[in-house]
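Q: Right, I'll just put the structure down here and ask away after.
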């Protein structure tokens, strides 16, 4: 019985263990990387803003 990708419906080789084809796996990995990069950038921006506010007016 052939297996099919759950996202695009492409037939998968019998040796495949996952439920998605390689193209769909790469596409979802790219989305995850993009989301994590955006979250890290936002965290760095917020952290820098908090530090600059906390140190405002203090002499180092």
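The values are calculated or read from the model by the stated rules, or taken from the named source; none is laboratory data. Because the structure is a prediction, the values reported are computed rather than measured. Cβ coordinates were reconstructed from backbone atoms using ideal geometry, including for glycine residues, and neighbour counts include every protein chain displayed.
Q: Any residue at all in the stretch 24-44 that's under 20 Å from the mean Cα position of the chain (by Cα), surrounded by 10 or more Cβ atoms within 10 Å (Cβ to Cβ), in contact (Cβ under 8 Å) with a residue 12 or more places away in the chain and part of a helix (DSSP H, G or I)?
A: Checking the stretch 24-44: at least one residue is under 20 Å from the mean Cα position of the chain (by Cα), surrounded by 10 or more Cβ atoms within 10 Å (Cβ to Cβ), in contact (Cβ under 8 Å) with a residue 12 or more places away in the chain and part of a helix (DSSP H, G or I).
Q: Test residue 6 against the stated conditions and say whether it is in a loop (DSSP other than H, G, I, E, B) and without any contact (Cβ under 8 Å) to a residue 40 or more places away in the chain.
A: Numbers: in a loop (DSSP other than H, G, I, E, B): yes; without any contact (Cβ under 8 Å) to a residue 40 or more places away in the chain: yes.
It is true that residue 6 is in a loop (DSSP other than H, G, I, E, B) and without any contact (Cβ under 8 Å) to a residue 40 or more places away in the chain.
Q: Being at pLDDT below 90 and out of contact with any strand residue (DSSP E or B) (no Cβ under 9 Å at 6 or more places or on another chain), is that true of even one residue in the stretch 3-19?
A: yes
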